[in-house]
Every structure is written in structure tokens, then in C-alpha cells.
1. Whose amide H sits under 5 Å from the amide H of TYR223, counting only residues 5 or more places off or on another chain, with H placed in the peptide plane?
2. Just going by the charge dipole of the stretch 434-521, with Lys and Arg at +1 and Asp and Glu at -1 on Cβ, which of VAL466, PHE507, LEU485 is farthest out on the positive end?
3. Grab the beta carbon distance between ARG213 and ALA481, set R0 = 51 Å, and tell me the FRET efficiency rounded to 0.05.
4. Return the tail of the calculated pair distribution for the chain, meaning the percent of Cα-Cα pairs more than 42 Å apart.
5. Which ordering of VAL441, VAL281 is given by a fewest-first count of other beta-carbon atoms within 10 Å?
6. Any idea what angle helix 98-111 forms with the longest principal axis of the chain, computed on alpha-carbon atoms, 0 to 90 degrees, nearest 10?
7. Give, as a single signed number, the net charge of other residues whose beta carbon lies under 12 Å from the beta carbon of ASP465, with Lys and Arg counted +1 and Asp and Glu -1.
8. Would you mind ranking TRP417, TRP103, TRP214 so that the residue whose beta carbon has the fewest other beta carbons within 10 Å leads the list?
Amino acid sequence: MTDVTDVMALIPAPRHVGACGEGFFELGPDTRLAAGAGTERTARWLRGTIGAATGFPLAPGDGGIRLSVHPTVTRDLGEEGYRLAVTPDAVHLVGGGPAGLFWGAQTLRQLLGPGAHRRAPLPGGQWRLPLTHIQDSPRFPWRGVMLDVSRHFMPKDGVLRHLDLMAAHKLNVFHFHLTDDQGWRIEIKRYPKLTEVGSWRARTKFGHRASQRWEEKPHGGFYTQDDIREIVAYAAERHITVVPEIDIPGHSQAAIAAYPELGNSDVIDTTSLTVWDDWGVSKNVLAPTDNTLRFYEGVFEELLELFPADAAAFSAFVHIGGDECAKDQWKQSPAVQARIEELGLTGEDALQAWFVRHFGTWLAARGRRLIGWDEILEGGSRAAGTRAEATRAAGTRAPGGETADIGLPEGAAVSSWRGYQGGITAARAGHDVVMCPEQQVYLDHRQDGGADEPVPIGYVRTLEDVYRFEPVPPQLTEDEARHVLGTQANLWTEVMEDHARVDYQAFPRLAAFAEVAWSALPAPAERDFADFERRMTAHYGRLDALGVAYRPPTGPLPWQRRPGVLGRPIEGPPPNA
């Protein structure tokens, strides 16, 4: 087969693309859409998107586009694989499962050109598909994006738009960071103050936490339970699984401001706390009391109803955070020290591990799986009662080759953000891992070292840097590497006040990340970035049609800059780069 990938400029790149002769299949007002069993979601999506962009009804019937799901594709390419054949007379799209069919429809949309990404037809448009045969399937099952809506709230319509952008890039896990020190964003009916008090703050720091500039107006918002149900259903129509995050025991000041009894009241006056208006890591963390456990069990009971476990691969996961839990108050609190003694623990790290295990066990009893940031690896073995056990749990391979007990509940998984090591530790201990190292795929980090970059944060992570990211560490054996479920790009929104700023930080780098997560790429040094850039030239037209406020290759546009707003640029290459 002749390689025509350059001609079609598909992103992410399919596994196999071949030409099927000269000419085109042209869509018109009489083009029909034949939808077989199991294709209903994709048929709805095609009529709603391609139909809107072209103005063609795509009425049911033979004589144009045929959708089907077939076991031979499932066998050869998996549930998320697809085959797309365009001939002069018809378009045949066959999925290994409903999800594979939907990803094939995204490819079909790209083949139609940038205009297919608009919401209404432009005058004089021609809708031609090149004659081709494509065979495709993803490298990783978990292709995720985390969006922080706590630091800056994104209204529901922006979240739905974000899901559409994920779907357009074949990304399938939406990690929804719903709570933090700066805001609680989900309605919990039994605890109404979480949103009445915890969902808004009096003012907002403008720029990095060292900045002296403030936006002196209240900021807030939250999703009602019906909003959440709508978001979950909208994502499911696009074969995206929503994994909610309720951050515990740190990053909890908004919850403590709403319910002061959750905090360490023998150390500070928790009744005086408000939702935090600054960035960084708050010292105000949850008290490890039975009351706190019961409170969050109540939160999770409502959460499980809103995010049901169904046939989707990762719908059983619930993220509990577990990161950056400051131990200062626990060290100072007589009540906490008595609790550590009562539980027979080795110290504050083991106390956090106990907290994590409690909710891991609680979730497992309800058919769910805990996932947390890599700090959940800290604190000792499952018993966590002696210093020897804590040393054992450091996470490397135990003597003789057996895996060490790192203390996580069975079925728990790790989001490895502080580099690769947390993921290596977890995989060697038999736990699943999502690789999202800060040094590689934190898209809040700046994209360039130029002076015009808006609110420059962290290390420079260019489009090429992201394209050369490799999610599977070479230190893992083949068996250990099977625990790498996939990878995820993270968007923390301290300096992203609206969806345009999220767009700027995410794109075009999220397109490169999507190719890393989906495509069968060679080793990082062997990847053809020049080819990717050529395809991106066409892809910018699609992003323009979608209204994405991406960073242009030539640098930020005047209205994308933030002159005088202090950031926190870090010089030099990032660790593990």
C-alpha cells in the first residue's frame, strides 16, 4: 500500500494507511447512513456533527456510509480498533466495538477537512473523502486528560466543549479534579455547606503565588448533581470515561472552611478558616478522626451514584488524591499523636497510608477501585506497625525477586506525577499505573522560554518535548510494563482563568500527547517530529474551525499575553527530561 499519511495529515497517526486508487467519494444531500447493531451512538454523533457541518441530513438507508461492528475487527484490532475503507461508491467503517467505531468516525471527520469541524456549513463547500483504507487501534487503553476546576471553575458548557476536544483527539479518560483548597465544585446533598461555603472564595491571586496582584472579586461555582449526570452522559456518548477526584487528606481547606470539625481544631481555630485565596499547598489538612471518615464515606456514597460503574473499562475508578498532605498540624496535634499511638503506626506518613487504605478498602467493598497520586505509596506496608515494615515498603524489588508489600489495597492504582519512579515502584509491586510525570506532561508548564509567554510557569516543555515523551520506563520488564494502563496530560488551572487560557496551555501540545497515547510510535529519539509538524499544519485548520485558542507556532498573539503578571519560570532542563 502507498503511504498517504502526509496527504491526509491525520492526528493521531493511524497504524496503517493505504491508497485505494485515484479519486474521491463525495458526500451530498442524498448520502445515506446505514447503521448496524451497536452503532447507534456513532450514528447519532455523525448526524449531529457531520450533518451540521455539511448541511446534509445523512438519512437512514443504503447508498453512502455504512457503519458496523464486527468480531473479526475485535479479534485483530481490539474493541477500540477500526477499519475504514473509502471507495468511489461507498464508505465502510467497521469497529471492533462501539468505541472503535466512534474513533473511526473521528478519522472520517478529519478526512473531510477543517470545514467538517464547524457547526454550520460554509458556502460552496465540497465534501470529499480520498479513496483509502485505514486500519487502526490504540497503543494504550488509558489516554487521559486531567482538568482542575477547583483553582478556576469551568462552567458546565466549557466542560462539555472540553470533552468534544478530547474526543476529536481520541482521548478517552477525563480525570475530573473536583475539590481542592481553593474550591469545592460538586453538590453533595447531605452536606450542603460544601457548596454554600466551599464553592467560592473572596478573591483570587493573579499570577504565581509570589505575585502581589489580586483580582478583588468573588470567584466560584459548582456543578449540581444533574450537571454531573449530564457531563457523565455526554462523555459516555463520546466513549469517554469520567474519573472523579475528591482530594484527601490534604488539599482540603475548602471542605474544612465549610465544616470546621473536619480540621485539626486542637492546633488552629478551624472556625476562622475560609476557602483559600492563594496558590500552593495549604497546611490545613483533615483530622484523622472517625467523624472525618464517616463524613467522607457519605461524600463518596453520593459520588458513586453520580459516577456509576458500567461496562466502560475504567468506570470503576475513583481518585482520592492523596498528594501533598502537609504533616505540620498532625505533628503538633496531641489528638493526632494519640491516634497514631492508638493505631500502632510509625508516624505521620504511616497515618496517611492508613487513611488511604481505609478508603481503598471501603471502595473495594462497593466494587470500585481506588487510584491516587504517587504519594499514596508512602507510609509503610499494609500492617505499617513497625519501622522495619515501613522500610520494606520503600517500593523497590524485595530480595530474591519477590515483590514488596507497599501497603496499597488490592486493585489500587497510582497516578505517577513526580517523575517515573512512583510508577516503577507500583508496577513492580503488581499495581496498575497511569504515567503523568510533571516533567513531561504537565501542560500548565510554559511552552517556550520567550519573554512574551503568558505567566510563565515551570520548565519549558515544547511541542517537540511532548511528542518525544515515552510513557513506559525502560527499567520495567515486559510483565511489569503491562501494569502501565496508559498515560495522562494534566492541566492545573492556577493561572488559567477561563477556557481560552486552558486552550492556550493545552494546544497544540495536547495533539502531540494524543499521538503519543494512541499511535504505535518508535523510540523517542527516532520519532519523526518533522512529519508531525507537517501534519500539524493541516491540524491547525481543524483547531481554528473548532474555535480553539491554541498557541500559534510563531508565539502568543497580543491578546494571549499577560504582561507584568508574575510567573515562576524554572531555568535549565527538567529532571528526567
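1. ILE186, GLU187
2. It is LEU485, whose Cα lies furthest towards the positive end.
3. My answer for the efficiency is 0.65.
4. On the way: 37782 of 166176 pairs.
Here the long-distance tail beyond 42 Å is 23 percent of all Cα pairs in the chain.
5. Taking fewest neighbouring Cβ atoms as first place, the list is VAL281, VAL441.
6. For 98-111 against the chain, the angle is about 60 degrees.
7. Working: positive: ARG446, ARG461, ARG468, ARG509, ARG527; negative: ASP448, GLU464, GLU470.
It works out to a net charge of +2.
8. The order, fewest Cβ neighbours first, is TRP214, TRP417, TRP103.
Any read-out appearing in this document is the output of simple, stated calculations on the displayed coordinates, not a laboratory observation. Note that the coordinates shown come from a computational prediction; the quantities given were computed from them, not determined experimentally. In this analysis, Cβ positions are derived from the backbone assuming ideal geometry, glycine residues included, and neighbour counts consider all displayed protein chains.
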